[in-house]
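Enquirer: Take this structure first; my questions come after.
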Amino acid sequence: MLKFIGTGSAFNTELGNTSAYIKEDKTLLLIDAGATAFARAKEIGLFDEIEHVYVIITHMHTDHVGSLGNVIEYCNIFKSVTPNLILTNDETAETQENNLREYLAKVGITEDDYEFTYADMMEEVFKGLIKIELKQVTHSKKLTSYAVELYFEDKVVYYTGDQNDHAYLKKVAKKLKQNDIVYTDCTARDYKGRIHVSLDELEQIFDQKQKDQITCMHFDSFASYSEAKSRGFKVASREVSKEELLKQIANRR
Ligand SMILES: [Zn+2]
Ligand SMILES: [Zn+2]
């Protein structure tokens, strides 16, 4: 369903910062634009032929917002497109808007360069997409984080962003229908003040039979990636450019 520009955590530069997208015809919906995202998105031609760009920023950590300025400027200058930043419909919308505006102003992006759109005004952006909801989840105490819920006619796509929010995940597990898909951050590590859900916790929260509906992402290490895979979760993999694919094939020979 979703495609990925990167599937790593902040410091996992090999996999790149986790960022997902849907591109249909000339419309792009981008979830997060971390420090490594713009360069990788450009490499895979994500902005080619684009006329409408919608961006959801789950939270203000650098690995989720670090190249938003580049995305906006590139769309403006090279594509004559004004990106839409999607805001939650809950009471934190104003703070979310102010945070994004202030951050962008500090990196030289003015309000003429982008627009704000509320998540419930996304009808008909993509075929079959009824609405988007951004739900607050617990992650870092220092900032507000959102999970993204994409309501299609035939399924709901849950994208947790960064979180260690068992109450939220339990709610998702309870209402998960057969066609629904969950993308969740994860870690195989345990440490004090952990801000990501662990694979052990994911296994406790979701039923064994729900596992093939769950795709893990935001890997902090190869250990987290391989552990998620060996436990039977799906794992996100990033799109590669044609050049990179050819290089990989050549190296295999
Ligand atoms: Zn992150
Ligand atoms: Zn984070």
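Enquirer: Looking only at segment 55-70, count how many residues are within 15 Å of the chain's Cα centre (by Cα), more than 14 Å from ligand 2 (Cβ to nearest atom) and assigned to a helix (DSSP H, G or I).
Expert: Total satisfying the criteria: 1.
Enquirer: Right, something else. If a residue must be of a type in the set (Asp, Glu) and either in contact (Cβ under 8 Å) with a residue 60 or more places away in the chain or in a loop (DSSP other than H, G, I, E, B) (or both), how many such residues does segment 213-234 contain?
Expert: Of the residues in that region, 1 qualify.
Enquirer: Can you find, within segment 171-218, the residue that is modelled with the lowest pLDDT among those that are surrounded by 12 or more Cβ atoms within 10 Å (Cβ to Cβ) and among the small types (Gly, Ala, Ser)?
Expert: Ala188
Enquirer: Would you confirm, using the coordinates I've provided, whether Glu14 is at pLDDT below 95 and exposed (fewer than 15 other Cβ atoms within 10 Å of the Cβ)? Before you say what the answer is, go through the steps one by one.
Expert: Working: at pLDDT below 95: yes; exposed (fewer than 15 other Cβ atoms within 10 Å of the Cβ): yes.
Here the answer is yes, as Glu14 does meet what is asked.
Enquirer: For segment 71-93, which positions are farther than 14 Å from Lys23 by Cβ and assigned to a helix (DSSP H, G or I)?
Expert: Correct list: Ile72, Glu73, Tyr74, Asn76, Ile77, Phe78, Ala93.
Enquirer: So which residues in segment 28-54 are assigned to a strand (DSSP E or B) and open to solvent by 20 Å² or more (accessible area, probe 1.4 Å), if there are any at all?
Expert: If the condition is that a residue be assigned to a strand (DSSP E or B) and open to solvent by 20 Å² or more (accessible area, probe 1.4 Å), then His52, Tyr54 are the ones that fit.
Enquirer: Out of Lys106, Lys127, report the one residue that is surrounded by fewer than 22 Cβ atoms within 10 Å (Cβ to Cβ) and modelled with pLDDT of 95 or more.
Expert: Lys106
The values are calculated or read from the model by the stated rules, or taken from the named source; none is laboratory data. All values reported here derive from a predicted model rather than from experimental measurement. So basically every Cβ, Gly included, is an ideal-geometry build from the backbone, and we count neighbours across all protein chains shown. Ligands, DNA and RNA are stripped out before the accessible areas are found, and what is left, the full protein with its side chains, is counted by its heavy atoms. Shrake-Rupley method; radii C 1.70, N 1.55, O 1.52, S 1.80 Å.
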